Structure formats: C-alpha cells, structure tokens
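A short write-up of the structure that comes next.
Every read-out reported here was derived from the displayed coordinates using simple, explicitly stated rules and does not represent laboratory data. Note that this is a predicted model, so its numbers are computed, not measured. Every residue, glycine among them, receives a Cβ derived from its backbone with ideal geometry; neighbour counts consider all protein chains shown.
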Amino acid sequence: MKEIGEGLPVFPRGGCLTSAWAALRSLTVLAPAYRRLQGKASVKVDVGPPLQLVIFRRDLRVEDNPALISALEAGPALGLYVLDDNADGRPLGEAARWWLHHALMDLRLELADLGVPLVLRKGSELDEVMDVAGCARVRDVHWNRRCTAAGALADGPLSRELERRGLRCRTFESGYLRKPGEVRTKSGGLFRVFTPFYRAMNRLGDPPRPLAAPPARLAPAAPAIPLSSEALRDLKLLPPSQSRRSGLSEAWAPASQSAKFVLSAFLESRIDEYHERRDRPDLDGVSRMSPYLAFGQISARQVWHAVKLRCGQDGPGRGMSAFLRQLVWRDFCANLLLQAPDLAERPFRKDYSRFPWRRDDALLEAWQNGATGYPLIDAGMRQLAVTGWMHNRVRMAVGSFLTKHLLLPWRAGERWFWDRLVDADPAQNPANWQWVAGCGADAVPYFRIFNPILQGQRFDPEGIYRRRWLPGSTGYGPGEAGVAPIVDHRQARARALGMYKEFREAR
Ligand SMILES: Cc1cc2nc3c(=O)[nH]c(=O)nc-3n(C[C@H](O)[C@H](O)[C@H](O)COP(=O)(O)OP(=O)(O)OC[C@H]3O[C@@H](n4cnc5c(N)ncnc54)[C@H](O)[C@@H]3O)c2cc1C
C-alpha cells in the first residue's frame, strides 16, 4: 500500500509560503532547489479553478458523506484531516490512534479514485484550515458537524473566521440516524430515558436514506497546489509496541470496504439470531461494526437501511429489530452528550459528584491488567488489551466490577477504555460507564451488581471465551485462572449495596 502523501502535490510540513507562491500562481513550476532542501517534496502551482475544501473528522468515508458530495458538486475538491488533540476534548487513545492511521491510509486511496488529494496536518484545526484555505485557492469549505461540545464549540469560530475571509461554509449532519437534538419529548425537551426516546424515534419512521458515493467519472481532478502535508507516519499514530500492533492487525481490517464486508457477512448469516446470541461472548453473535461507526467509515444510516433492505415483506424479524434498537442506543448516547457536554468528566446525576469513591492504585492496576482473580473480568480485560475491543456483556461486567466490587471511580474505567478501545467514542463510552456506575441518565439500578461468576457461567456455558483469553483456566469461580481474587465477591457486593444505599438515603 502506498504511503500517504506519496504522489501528492505537497510540501513537507513547515509552512505554505503563501505570498511567495501567490506570485507564481499562473504558472506550473517545479522547484528543484526547494525539493533538494526538503527531501521528497515536489512543488506544483495550479492554474485551475477555485477549490472546494472538505474537512474530514469522524466521517472517514466517501459514501453517504454529505460534505464531500456537496464539495464535489461544486467543483474540484481537496480533503483535509487535522489531527487535533482537542477535537474530542482530549487526545485519542492508543488503540483508536492505530485505527485512525489505517483509516486515513484507506481514505486517501478512496479519495484518490475521485481525484481528491488528502492533506494531513496536526495542531489546531482552526489554524490548519486557515492555512490550507490561504494557500490553495479555496472558495467554499464543507464539513459534517460533530456532536462533542469541544467539536461543536470549535465550529463557531471556524465558520466566523472563514466568513470573515470571504469563504463560504457548508455544514451537514452525517454521524447519526437523526441529528442529535432532533428527537424531542412532547414538551420539546430532550429525552433522559431510553425507551421513550426509542419510541419517539420509531414514530418518526426510518431515518433519511444514505447518499451514494459520487461516481468517479463526475469528480473533476483537483489541480496541483502548493501545500504542505504531514506524511502519515509523521502523525505517529501507531503504538510503539510491535505486539500491540500485531494484536490489533490480527483482529481488524480497518478499511471502509471491510466495514461493508463485515456488515454483509453479519446480515447474511447472523442477524436473524442476534436477539438470542448478542449476550454470548463465546458466540460470533454481534456485528462488530462499532469501530467503523466510531470513525465514520460507514454511517449509521447506511447500516440501518442495509438492514431494512434485507427485511422481507413482514418487516424486520426479532433479530433485526433488536439490532436496530442497539443502533438507536448510539443516537441516545449522542442525545445525552448534547445535554451534558461534560459527560466524560462529571456524573449526569449531579448529586453523584459527592459519591465516596475509593482511591486504590493497586486495585485499579489489577483490574487494568486482568489480574483480579475473577476469570470473566480478567478474560475481558485481556481481550481488550489484545484486540482493542470487548464484548458488550463483558464490558458491563468489568464496569460493574470496577465501580461496585472495587468501589473505584467510573472515570478511571472510562479513561482506561478510552485509551484501549478501537471504538472509543466520546458519547457512547462515558454514557455507558455512567449507566454501569448508576450515575447516568437512564442508569442501571444501584442494587444491580453483576455477579462475575454467574455471568460467566450463564453467558459462556462451555468456557470457550474464558479459555480463549485465559488458557489453562478451569472455571468461572474466583481463582480458577490461577490468580488469587483481590476481593471476596459476597463481601464486596454487600459493601457496595450498603455504600450505595447509604449514599442515596443521605442525598
Ligand atoms: C462500559 C461500556 C463502555 C462502552 N464504550 C463504548 C464505546 O466507547 N464505543 C462504542 O461504540 N460502544 C461502547 N459501548 C457499547 C457497546 O459495548 C459496543 O457498542 C458494542 O459492544 C460494540 O460491538 P458491536 O458493534 O458488535 O455491537 P452490536 O451489538 O452489533 O451493536 C450494533 C451497534 O449498536 C451500537 N450499540 C450497541 N450497544 C450499544 C450501547 N450499549 N450503547 C450505545 N450504542 C450501542 C454500536 O454502535 C454497535 O456497533 C460501551 C459499553 C459499555 C458497557
């Protein structure tokens, strides 16, 4: 596969030389002296029409991408991805960065088929957009809006600054089934409980149909432009550890075409039993679409309508309905993030900010390293460490174990997942952690404490999942994987019940 940046008419990073090159705009020039100085750069100056700039974020696809399609309809386009540590309010974690590296490599190839070069930058998105717009002859700037507070906040100054410079902004929604905030209660408020949200979504009918990819032949090639771009490797997205990289590569194919293959395989052979098998980590029962959705390599609307296409005349069966319901959970989490922009930092139920979480680094490390002595928890944490993903049932169990058995703060778990998950998502991760911990909007009742022994025995009855991640383990009982349990299940359960009850009564 080609290195990103190869063959692109770009400078290496270090400035756009706007004024110098502006004078040469009407010429096509190669600058051998500059090339000698800077290594592999080639420099060309365009003579073509103005460009349409498309900013890519968590929408790394060419199909059903309204910003890209709008740009291509208006003229030759240029893509830009800025690695901005503030985009989600915090830098991406290690596993997500690995995914992003491959997704960008893939996007660059897909865009090349449409005649759209992809420029990579790092730093503040606002600064880099202004720099690129100033260097290339950009007329309009197109992007799909984000749902995080940091992202949404950044869009305001971006539009204002672009408009101040005489550029037009075209912005779109593309991340969810419906625009976050669109689904409202009868009194016009936002939902805090999932089931009424789900019913309201259903009353609105199917979400809008996805847009097709622009056909390559209609996409005019972007002219050569003098621009600097980071080489993909210089974004330093890959983890230093070779074994970490191998584990992720063996588990995933992070390209948008793979998203479609994974989805079709799921629709062909597994979706009809989804409702019966989705809780079984030992079975291949779920879709594994989450990282593709998290990076927007496929849109939720594409997934929704692909399922609907497969329905017979009788409508979706139980498996399909259960799967579509999970996709609505994804929208619900975005709706919660809209109401609580600090969802990753503070409990949705504000009184929980006084909950007396314990501090114990040794216990936290045991949980992180899969050394709690409870095989279900340790198997899940190993699966996460190796593949960057964990089955949903096990995510709930490890979350419950951290916040209830160990009484450690949900934020510590959220942060660990943020760093380790390939699908780490700014809405779903904190919303689910708060659900598990009991401080979320529509949270699990405080007295529901997942029993790691029974959960393992029930959802992995033959121990297939357990042995895969803990070879040599003999059962789901404490210590049955050769590690002494760090807490006693009964005592920890009783302590958590007491603590939660006391806290609730004192509120
Ligand atoms: C503590 C905890 C943290 C989580 N963190 C994340 C996260 O960072 N990113 C993430 O994508 N999911 C997260 N989830 C939700 C869920 O575990 C994953 O979406 C699911 O396991 C992904 O596998 P899948 O694509 O095979 O899911 P499937 O069962 O095939 O579901 C299809 C899609 O529905 C959505 N979905 C499913 N379950 C949920 C849910 N509980 N909440 C919101 N959307 C859901 C996802 O987009 C998923 O890809 C978390 C769950 C828990 C309990």
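Tabulated values for the structure
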| read-out | value |
| --- | --- |
| Karplus-derived 3J(HN,Hα), 6.51/-1.76/1.60, for each residue of segment 433-440, Hz, glycine and proline x | 5, 5, 4, 5, 6, x, 9, x |
| Spatially near lysine pairs across the chain, Cα under 17 Å, sequence gap of 8 or more or different chains | 6 |
| Largest-first principal axis extents of the Cα set of segment 386-468 (Å) | 35, 31, 21 |
| J(HN,Hα) series, segment 69-82, from Karplus relation 6.51 cos²θ - 1.76 cosθ + 1.60, nearest Hz, glycine and proline x | 5, 4, 5, 5, 5, 8, x, x, 10, 10, x, 9, 10, 10 |
| 5 angstrom amide H check on His142, placed H, neighbours 5+ away | Leu53, Val54, Ile55, Arg170 |
| Selected from Val132, Gly440, Phe266, residue furthest toward positive end of dipole (the chain; charges at beta carbon) | Gly440 |
| Loop GluC sites (Glu not before Pro), segment 413-503, which have at most 11 other Cβ atoms in a 10 Å radius of their Cβ (DSSP) | Glu462 |
| For segment 82-144: rounded, prolate or oblate by the Cα gyration tensor [a/c cutoff 1.5] | oblate |
| Relative contact order (%) - criterion: Cα under 8 Å, at least six apart; region: the chain | 17 |
| Sequence-distant residues sharing a close amide H with Val119 (under 5 Å, placed H) | Gly79, Leu80, Tyr81 |
| Exposure proxy ranking, count of Cβ atoms within 10 Å, fewest first, for Asp84, Asp272, Asp460, Asp314 | Asp314, Asp272, Asp84, Asp460 |
| Point-charge dipole on Cβ atoms (K/R +1, D/E -1) for segment 350-506, about Cα centre, debye to 20 | 260 |
| Positive-end residue of Leu343, Gln326, Pro426, charge dipole of the chain with Cβ unit charges | Leu343 |
| Taking the convex hull of Cα positions in segment 350-506, its mean projected area over all directions (nm²) | 8.6 |
| Nearest-20 debye value, the chain charge dipole, Cβ charges on Lys, Arg, Asp, Glu | 740 |
| Whole-Hz couplings from phi, Karplus 6.51/-1.76/1.60, listed for segment 137-150; x for Gly and Pro | 7, 8, 9, 10, 10, 10, 7, 9, 6, 9, 9, 7, 4, 4 |
| Relative exposure of Cys169, Cys311, judged by other C-beta atoms within 10 Å (fewest first) | Cys311, Cys169 |
| Percent breakdown of C-alpha pair distances by 20 Å bin, ordered from the shortest bin, for the chain | 21, 52, 24, 3 |
